[in-house]
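Colleague: If you scroll down you'll find the structure; I have some questions about it.
The values are calculated or read from the model by the stated rules, or taken from the named source; none is laboratory data. Note that the coordinates shown come from a computational prediction; the quantities given were computed from them, not determined experimentally. Note: ideal-geometry Cβ built from the backbone for every residue, glycine included; neighbour counts use all protein chains shown. The area values use the complete protein model at the heavy-atom level, side chains included, leaving out ligands, DNA and RNA. Shrake-Rupley method; radii C 1.70, N 1.55, O 1.52, S 1.80 Å.
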There are 2 protein chains.
Amino acid sequence: MAHGAGGKASRKLVEGLFVPLLGGEPRALADAAQVAISGTPLAITTDSFVVKPLRFPGGSIGELAVNGTMNDLAVSGATGKALVATFVLEEGLPTAVLEAEVRAMAAAAQKAGVAIVGGDTKVVEHGKADKMYVSTTGIGEPMPGIRVSAASVHPGDKVILSGPIGDHGITILLARGELDLEADLRSDTRCVLPLVQALARAAGPGIHWMRDPTRGGVATSLNELTRDCGLSISIFEEQIPVRDEVRGACELLGLDPLHIANEGQFLAVVAPEYADLAMNALALVEGGLEARIVGEVREQPASAVLVTTRYGGSRMIDMLVGDPLPRIC
Amino acid sequence: MAHGAGGKASRKLVEGLFVPLLGGEPRALADAAQVAISGTPLAITTDSFVVKPLRFPGGSIGELAVNGTMNDLAVSGATGKALVATFVLEEGLPTAVLEAEVRAMAAAAQKAGVAIVGGDTKVVEHGKADKMYVSTTGIGEPMPGIRVSAASVHPGDKVILSGPIGDHGITILLARGELDLEADLRSDTRCVLPLVQALARAAGPGIHWMRDPTRGGVATSLNELTRDCGLSISIFEEQIPVRDEVRGACELLGLDPLHIANEGQFLAVVAPEYADLAMNALALVEGGLEARIVGEVREQPASAVLVTTRYGGSRMIDMLVGDPLPRIC
């Protein structure tokens, strides 16, 4: 299960098996790939969704499948223009369940301004899938003037986080009803494209790197960045927005909110001289008021993420190890 | 299960649920969608693969996932340039099984001349998937001068079939070992792009329509065409290449080879004045010698496929109904 959790084991699987066998020179792994068709550059990304339960407060698998793919494109600096989807359905799945998810996809796509242009459906025997799995692939147009890569990140850059973390992961956990816990919490699932577009307009040349911290959370995304760029990232714990419900559930469960999955947040590393412009631009967009500067890039300790606690101490935080929360997306 | 079989129920699902909800004007359903990114036209297609068993004589799920997607692009008149893949893996799947499929994908992609540029992996609990499911999405460059659509098909056009039918479906059926049958048969899985390219070079302006007859077989593909164009297609049964092993298995099982899935064949409808050029071009490409002109387009009976038997009689053949062969791809 850990190999699917988006943390260390996932990265090992990708770096140890997929990348060497599927070719391609070693390179920083990004949310979307850049390719050229007839000389026109575009971004492409794909994801499968196996979230359990299918519906949860704030969202559902179909909605997640659209927003997750749009978000991977957005943080790669691309505007999603077309999506395709595949469904693996378990025999006997009520049509109403499928219809609800197709409607959720349609609504999310309309809201995000993307067209769903094709798809495929397979049915497997009862017991051979868990109701339904969805895969979506998106292609996007590069935003003019936006070039993000770990190699562009420099000491002194600021780390922006778009909003409170952990809502999605803890919502899913509670929605399963396996824990004797209740909280008034909803998944943060949303399309972050409007936020990224505002950031790009205001601070385009200063945006060095972006990522949506889904599986493995903020800690895993930032650790991936430090490994790719060889620098250090210092996070100020008290600046990181975490709702009380998420903090409470994490304390009870022995989890760190920095490792919990998000579905509607993104991280951006921006040049210091663009940080204010970026924050002002985000504040003007719906859903952007909770963005915070949560850290900065430093030279040392190389390839590590350091969290400065509210009491002035500091601790290293690693990528997610193991899988405390399987099938979160 | 019938909803996943590629026949009547599948079409009903797509036309009754996906198309109305996901928007888009009513249109002929094609193997790939045409979209424009930054003004550049491209083709995109997606498919999930749930074939059982994972490996079978002549191929495997990974290889099928690459070729199937390349073929959908090819018959849409596009050259596949980039693929992405997602994997849903069952907890406990031996790494060697996954590695074998990733190697199969790499080999198929290399042979087909396409790059695998990205992917995603999810793991679900033991029993919640059947070893592994793969989804692939391909984007392709339109072949210059090729425009295929049901609306371009005219009475008098010739129907070309690229080779023997039913090899894939019957191979899978036998590989499951549930029947007390054995035959020296291999799946026909291959990338048809070189054949389609040769056809395009030789007879480009005369190619009116193409399709790869996978789930539901030749009969389903041609019925879809007649419904989309309102014309009739006459097939000459004795011209349709069917291996003895396939014919024998079909007779024993009460199946029609025209309903059996193929993974390395395509149908092309070409203007009569281009038919000889097309056949000559195919004969010069590896694997193209078994192509045959198997029928022609007529005015009547509207929206129907008629099979002329070797004894001069004729019968209507409909789309696949039900699912005699689940999980064939």
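Colleague: With all pairs of different alpha carbon atoms counted, what Kirkwood hydrodynamic radius in Å does chain A show? Walk me through the intermediate numbers first.
Modeller: Values: mean 1/r = 0.0499 Å⁻¹.
For chain A, inverting the mean 1/r across all distinct Cα pairs yields 20.0 Å.
Colleague: Restricting things to Cα coordinates, could you compute the convex hull volume per residue of the protein assembly as shown in Å³? Don't skip to the answer; put the middle values down first.
Modeller: Values: hull volume 92.0 nm³, N = 658.
Per-residue hull volume (Cα only) is 140 Å³.
Colleague: Using helices alone, I'd like the mean residue ellipticity at 222 nm for chain B: each DSSP H run of four-plus residues gives -39500 (n - 2.57), total over residue count, nearest 500. Provide the component values of the computation, followed by the final result.
Modeller: On the way: 8 runs with 91 residues, N = 329.
Value at 222 nm, helices only: -8500 deg cm²/dmol.
Colleague: What is the stretch A:30-142 by shape, rounded, prolate or oblate, if you read a ≥ b ≥ c off the alpha carbon gyration tensor as root eigenvalues and call it rounded for a/c under 1.5, prolate for a/b larger than b/c, and oblate otherwise? Intermediate results must be reported in sequence, preceding the final value.
Modeller: On the way: a/c = 2.29, a/b = 1.86, b/c = 1.23.
Taking the square roots of the gyration eigenvalues as a ≥ b ≥ c, the stretch A:30-142 is prolate.
Colleague: Right, something else. In whole angstrom, note down how far apart the Cα centers of the stretch B:189-232 and the stretch A:240-255 are.
Modeller: The distance from the Cα centre of the stretch B:189-232 to that of the stretch A:240-255 comes to 57 Å.
Colleague: Can I ask one more? Would you kindly work out, in nm and rounded to one decimal, the distances from the label point of B:R247 to those of the same position in each other copy, ordered shortest first, with label points 7 Å along Cα-to-Cβ?
Modeller: Between copies, matching label points for B:R247 lie 7.8 nm apart.
Colleague: Counting every Cα pair in the stretch A:149-204, what percent are over 17 Å apart?
Modeller: Percent of Cα pairs beyond 17 Å in the stretch A:149-204: 59.
Colleague: Semi-axes of the stretch B:267-329's equivalent ellipsoid from the Cα gyration tensor, sqrt of 5 times each eigenvalue, largest first, rounded to whole Å? Write out the running numbers ahead of the final one.
Modeller: Working: eigenvalues 131, 81, 29 Å².
Computed over the stretch B:267-329, the values are 26, 20, 12 Å.
Colleague: Label-to-label distances across copies for A:Q110, with labels 7 Å out along Cα→Cβ, in nm, shortest first?
Modeller: 4.8
Colleague: Sticking with this structure for a sec: Not counting the cut sites, what is the longest span of chain A without GluC sites (Glu not before Pro) that DSSP labels loop and that have at most 12 other Cβ atoms within 10 Å? Mind dumping the intermediate values first?
Modeller: Working: sites that count: A:E178, A:E182, A:E286, A:E299.
Formally, the longest exposed-site-free interval is A:1-177.
Colleague: Restricting the count to DSSP beta bridges whose residues both fall in chain A, what percent are antiparallel, rounded to a multiple of 5?
Modeller: Details: 44 of 58 bridges.
Among the beta bridges of chain A, antiparallel pairing accounts for roughly 75 percent.
Colleague: Mind computing the radius of gyration and Dmax over the alpha-carbon atoms of the stretch A:150-316? Å is fine for both.
Modeller: 15.6, 48
Colleague: Another question, if that's okay. Where the accessible area of the stretch B:150-316 is counted over protein heavy atoms with a 1.4 Å probe, how much of it, in %, is carbon and sulfur? Present the calculation step by step, with values, prior to reporting the outcome.
Modeller: On the way: 3180 of 6730 Å².
Within the stretch B:150-316, the accessible surface is 47 percent carbon and sulfur.
Colleague: While we're on this one: Could you tell me the center-to-center distance, by alpha carbons, between the stretch B:271-329 and the stretch A:130-145 in angstrom?
Modeller: Here the two parts' Cα centres lie 36 Å apart.
Colleague: If I compute solvent accessible area with a 1.4 Å probe over the protein chains, what percent of it on the stretch B:30-142 is carbon and sulfur?
Modeller: 52 percent
Colleague: Using a 1.4 angstrom probe, figure out how much accessible area the stretch A:150-316 has per residue, in square angstrom, rounded to the nearest whole. Please list the in-between numbers first.
Modeller: Values: 6710 Å² over 167 residues.
Accessible area per residue: 40 Å².
Colleague: What are the nm distances, shortest first, from B:E91 to its equivalents in the other copies, labels at 7 Å along Cα→Cβ?
Modeller: 2.4
Colleague: List nothing, just return the count: lysine pairs in chain A, 8 or more apart or interchain, with Cα separation under 16 Å. Each step should come with its number before you reach the end.
Modeller: Details: A:K52/A:K128; A:K52/A:K131; A:K81/A:K111; A:K122/A:K131.
Within chain A, the lysine pair count is 4.
Colleague: Excluding ligands, DNA and RNA, what is the solvent-accessible area per residue of the stretch A:30-142 at a probe of 1.4 Å, expressed in Å²?
Modeller: On the way: 3250 Å² over 113 residues.
On a per-residue basis, 29 Å².
Colleague: Next question, about the same structure. Once B and A are treated as a pair rather than alone, how much accessible area drops out, both sides summed, in Å² to 100, probe 1.4 Å?
Modeller: Numbers: alone 15140 and 15110 Å², together 24840 Å².
Rounded to the nearest hundred, the buried surface is 5400 Å².
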